[in-house]
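In what follows, a single structure is set out as structure tokens and then discussed.
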Amino acid sequence: MAEEEAVVDIMAAATGKAARVKGRRLALASLDAPMAETPRIVTGIGEFDRVTGGGLVPGSAVLIGGDPGIGKSTLLLQAAAALARSGHGVVYVTGEEATAQVQLRARRLGADTAPVALAAETSVETILETLSAARAPTLVVIDSIQTLHTSIAESSPGTVTQVRASAQALIRYAKTSGAAVILVGHVTKDGQLAGPRVVEHMVDAVLSFEGDPSHAFRLLRGSKNRFGPTDELGVFEMTGGGLREVANPSELFLGDRDVATPGSAVFAGMEGTRPLLVEIQALVAPSRLGTPRRAVIGWDSSRLAMVLAVLEARCGLALSSHDIYLAVAGGLRITEPAADLAVAAALVSSRAGLALPADVVYFGEVSLSGRVRPVPHAPGRLKEATKLGFRGAIVPPQVGAEVDGCATSEVALLADLVHRIAPAGFHEERPAPISGDD
């Protein structure tokens, strides 16, 4: 006679309480089970589709954030209009503006003839009832998630509870209907998306739309994407008629370069799969202060401190008594370690007072020992440089890249680069006297 096995209530054993609803058994699938290729909703705006991984995925939820006035609503209105013109159903819900304001913007952008369904509403229940009353659209834009409120949360709009509950309801609608939902989110003073971080975990993709208000270009980056890469970059230019795609960002960032001024070096970088050439500007000036200034724009200040320490310790270049100013031209922010060599070249050029060759690019990672390490994607960097008229490149050893029209010169040590730029050494500089000094 078989011995009976006792059925253990796992929930009761784990929590001490019996579950109110009994669970159901799931059918488990294997990793190699056949699956259909995930279709993409291509908006036709190439830079937007690049960052999203080739287009939006049906049933996905995307959160996009950016500073006020940076152009989030303009970008999404242009994307919605482009998608609607291609025959897809698009609904644009605004909680911050009246419909007349959105219509005026659409007229300025030339998008007023696109068949986009527009509504101004902040009640989640009303929005979902309206969407469910007809055939599910291809795309739903909610501008913004902080303005919505739902009756299941007893708090004012914008609070953590309301944002979480509203986002959860809209994401559930996306999953059940197959419509792609884009949520616009506000950002804090330090550039982080406002509201609970749990919303970022709930959505399928998180994009940031950023840029310097003093410059015309805008950058679209992805920090999370379940259906594509997170290191792609989309570049737009803000014009009187809206956002214009920038097919060749390198030309934009190098447009106003002063080739005759010391302290300017061109870095051949990579943003995802896209090679990007940007100008690194450095100013090294004698300081009258006990603690010299160190100012950085567009690069990591800790990385600059490391490069300065290597230049002093391994190359004998005295910089501790100088003010250091470093900027990435155009307001672009660089995080790639391959910029070390270009930064070092700009610093040495400014310290020596000698301009670098105008047709040479730099890339390579600098180690604490003073060695220059190889970096990936060297052929793509060199091809982009050749396309823009550069004829030479200072690169790490063993980059394994041969590109017609671009002569590479390897440097194994940072000291070799210093000697190449300033073979005669450096003259000592004294700070200029201020008014009233003898």
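Computed from the Cα positions only, the extents of segment 6-61 along the three principal axes stand at 60, 26, 15 Å, in decreasing order. Of the GluC sites (Glu not before Pro) found in segment 1-84, those in coil by DSSP whose Cβ has at most 10 other Cβ atoms within 10 Å are Glu3, Glu4, Glu5, Glu37. Over segment 46-247, all Cα pairs binned in 10 Å intervals from 0 give whole-percent P(r) values of 9, 38, 40, 13, 0, listed from short to long.
Computed from label points 7 Å out along Cα-Cβ, the spacing between Glu37 and Arg226 is 2.2 nm.
Our helix-only sum for the chain, with -39,500 (n - 2.57) per DSSP H run of n ≥ 4 divided by its residues, gives a mean residue ellipticity at 222 nm of -8000 deg cm²/dmol. Per residue, the convex hull spanned by the Cα atoms of segment 252-421 amounts to 101 cubic angstrom. Loop-located trypsin sites (Lys or Arg not before Pro) across segment 199-237 with a Cβ neighbour count of 14 or fewer within 10 Å are Arg226, with loop assigned by DSSP.
Between Glu410 and Tyr325, take the C-beta separation as r, use R0 = 30 Å, and let me know the FRET efficiency to the nearest 0.05. Working from the Cβ atoms, E equals 0.55.
The stretch between Gln398 and Lys17, if pulled fully straight at 0.36 nm per residue, gains 130.7 nm over its current Cα-Cα span. Under a model in which nothing but the beta-carbon of Lys, Arg (+1) and Asp, Glu (-1) is charged, segment 252-421 shows a dipole of about 280 debye around its Cα centre. Taking 0.36 nm per residue of separation and subtracting the Cα-Cα distance, full extension of the segment from Ala260 to Ala295 would add 10.3 nm.
Net charge dipole, segment 82-240: roughly 300 debye, given to the nearest 20, about the Cα centre with Cβ charges of +1 for Lys and Arg and -1 for Asp and Glu. Put simply, the Cα atoms of segment 244-299 extend 46, 26, 21 Å along their principal axes, the longest span coming first. The ratio of the alpha-carbon radius of gyration of the chain to the globular-protein estimate 2.2 N^0.38 Å is 1.24.
Normalised by the residues of the chain, what does the relative contact order come to in percent, with Cα pairs under 8 Å and at least six apart?
About 12 percent, as a whole number.
How big is D for segment 162-258, in µm² s⁻¹ as a whole number, if Stokes-Einstein is applied with the Kirkwood radius of its Cα pairs at 25 °C and 0.890 mPa s? In µm²/s, the coefficient is 157.
Values in this text are rule-based calculations from the coordinates and carry no lab data. All figures in this text were calculated on a predicted structure; none of them were measured in a lab. Virtual Cβ from ideal backbone geometry, glycine too; neighbours counted across all protein chains shown.
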